[in-house]
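See below for the structure under consideration.
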Amino acid sequence: MQQQQAPSGAAYDGTCLIVEDSEFDRERLRRVLARAYGGMRVEFAPSIDAARKALSAGDKALILLDNNLPDGLGANFALELACDDRHAQTPVIMVSDWPSPGMWEKAASAGVLYVVNKSDFDARYIDAVLREFQARKRWVN
């Protein structure tokens with residue numbers, strides 16, 4: 001069994017929104033976050049509508065987004081977020097069982113840095129996205 005080392009951002013504080021309809025997959029993603037980023041709070045949204053409500057309640061540090069959701073495609077939601085000034089800079093990682101070429105194209109258009117198969121997802125993707133986000137913030141400020 002391969003052990004994951006905590007990335008340099010292990011003390012990262014903020015809230016991660018996991019948009020995933022499968023309870024099993026939500027728990028798997030939560031465990032990855034807890035191991036690597038114990039200080040990061042986690043909120044769950046089982047649908048795009050629930051994700052919109054969670055985002056209206058407050059900004060998130062990171063969004064983990066499934067593509068196949070009961071009320072639409074995560075890739076389309078990522079495009080929606082990219083067009084929203086409030087959430088356009090929120091880092092998004094798409095985590096899907098079956099990444100399709102169309103999903104990759106929409107994700108790239110939305111500025112999603114990674115599209116990852118759920119079985120391959122681990123803390124290195126979170127670390128890379130949060131580093132990129134911090135670098136963008138320093139560059140803008």
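Since every read-out is calculated from the coordinates, none of them should be taken as a lab result. Every value quoted in this text rests on a predicted model; they were computed, and no experiment measured them. When we count neighbours, we look across all protein chains shown, and the Cβ atoms used for this are built from the backbone with ideal geometry, even at glycine.
At a glance:
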{"item": "For region 14-66: rounded, prolate or oblate by the Cα gyration tensor [a/c cutoff 1.5]", "result": "oblate"}
{"item": "Filtered trypsin sites (Lys or Arg not before Pro), region 35-141: DSSP coil and at most 11 other beta carbons within 10 Å", "result": "ARG86"}
{"item": "Whole-Å distance, taken between Cα centres, linking region 99-115 and region 16-88", "result": "16"}
{"item": "Amide H partners (placed H, <5 Å) of LEU113, local residues excluded", "result": "VAL92"}
{"item": "Region 55-66 - phi-based ³J(HN,Hα) in whole Hz, Karplus 6.51/-1.76/1.60, Gly and Pro as x", "result": "6, 5, 7, x, 5, 10, 7, 7, 10, 9, 10, 6"}
{"item": "For the chain, share of DSSP beta bridges that run antiparallel, in % to the nearest 5", "result": "10"}
{"item": "³J(HN,Hα), Karplus 6.51/-1.76/1.60, whole Hz, each residue of region 73-89, x for Gly, Pro", "result": "9, x, 4, 5, 5, 4, 4, 4, 4, 5, 8, 9, 4, 5, 10, 4, 8"}
{"item": "Global form of region 14-122, assessed from the alpha-carbon gyration tensor, a/c cut-off 1.5", "result": "rounded"}
